[in-house]
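All of the numbers you see were taken from the coordinates with simple rules; none came from a lab. Every value quoted in this text rests on a predicted model; they were computed, and no experiment measured them. Please note: Cβ atoms are built from the backbone with ideal geometry, for glycine as well, and neighbour counts cover all protein chains shown.
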Amino acid sequence: MNHINDNISHILDMMKLACHNANRNDNDVLLLCVSKTKPIADIIEAYNSGQRHFGESYVNEAVDKVNTLKQQGYNDIVWHFIGPIQSNKTKLIANNFDIVESVDRPKILKRLSEQRDPSLGSLDVLLQVNISNEEQKSGVAVNGLDDLIAYAQSLDNIKLRGLMGIAEDTLDKVVIKEQFMLLKSLFDKYKLKLDNFNILSMGMTHDLAQAIECGSTQIRIGTAIFGPRLYHKTV
C-alpha cells in the first residue's frame, strides 16, 4: 500500500529544507504531482493531502482521468501535460489541459493554437529546452530558443509562461548544476522581456535540491509520491 499522504509530506519537507538552504521562500516553489499511469484513487488521495497540480504524459489515459474527476466535482485541479507531444494528439491536449510543459517545435505550437477552444481562454505553455544536449532527449536546442519564443508570441490562444528542462541523469552534481544554471540564465533573460513569464519547471526527486538552489519554481515528482509506475498506457 502506498502511503501517499506521508510521501507528500516527506517531499514537501525536502523542498522546504532546500528552500531554506538556498535562502528562498517555501511558497516560491510548486510541487507538481506526476500522476501518469496512476489510478484516479491515488490522485484523489493526493488531492485530499492538499495538492492541486497534477502532471500527465499519456493523452488518452489523462483525458479519461480529467473528465472523470471533473464529473465527480474536482474542478480546481490544474492539469499539466508533461510528455512528448504527438501531432495527432494536439487537439485533445489543447482542450483538456491547463498548461503544456513539453512544447519544443513550431508545428506543435501552431496546432495547439489552432485547436484550442477559444472559450477556454489561452492555453498556458512552457517551452522545453534540451539543456543536457542529449540526442535522445526532447527539447529545443538552446540556439533555437529565440526563434521558438518569437513564434509562440505570434500565435493566438497561447500564453507563454516559462521554460522546462531535464538535467542529465548523472550522479555528478556539478554537471546537473551547470545545466540547471544554463536554463535559469535563459529564463531570467526572457523574464525581463515577457509578461507572465514566471514558471521555471526543473528538478525531480534526485536533483530537487540543486534545482531549487538554481531557481526552479516547480518540481516534478512522481514515483516518490505514488510508487513505481505501471506502464500499461502508451498513448
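Rg over Rh for segment 152-235 works out to 1.05, both radii taken from alpha-carbon positions and Rh defined as the Kirkwood radius.
Each residue, residue 17 and residue 91, gets one label point 7 Å from its Cα in the Cβ direction; the gap between the two is 4.9 nm. Stretched out straight at 0.36 nm per residue, the stretch from residue 224 to residue 5 would grow longer than its current Cα-Cα span by 77.7 nm. Computed 3J(HN,Hα) for segment 135-151, one whole-Hz value per residue from the Karplus formula 6.51 cos²θ - 1.76 cosθ + 1.60 where θ = phi - 60°, is 4, 7, 8, 6, x, 6, 5, 3, 6, x, 5, 3, 5, 5, 5, 4, 5, glycine and proline marked x. For the residue pairs 107/177; 159/193; 159/191; 38/65; 70/91; 70/137, the alpha carbons lie more than 21 Å apart in 107/177; 70/137.
Over the C-alpha atoms of segment 1-111, the Rg to Rh ratio, Rh being the Kirkwood estimate, stands at 1.01. Seen from every direction in turn and averaged, the convex hull around the alpha carbons of segment 80-148 projects onto 4.6 nm². In segment 4-226, the C-alpha radius of gyration followed by the widest Cα-Cα span (Dmax) gives 16.7, 47 angstrom. Peptides 158-166, 120-128 ranked from most to least packed, by the mean per-residue count of other Cβ atoms within 10 Å: 158-166, 120-128. The aspartates and glutamates within cross-link reach of residue 110, meaning a Cα-to-Cα straight distance under 14 Å and a gap of 8 or more places when in the same chain, are 124, 147, 156.
On full extension, the segment bounded by residue 64 and residue 76 gains 2.7 nm, given 0.36 nm per residue less the C-alpha separation.
Here segment 125-170 and segment 10-89 have alpha carbon centers that stand 21 Å from each other.
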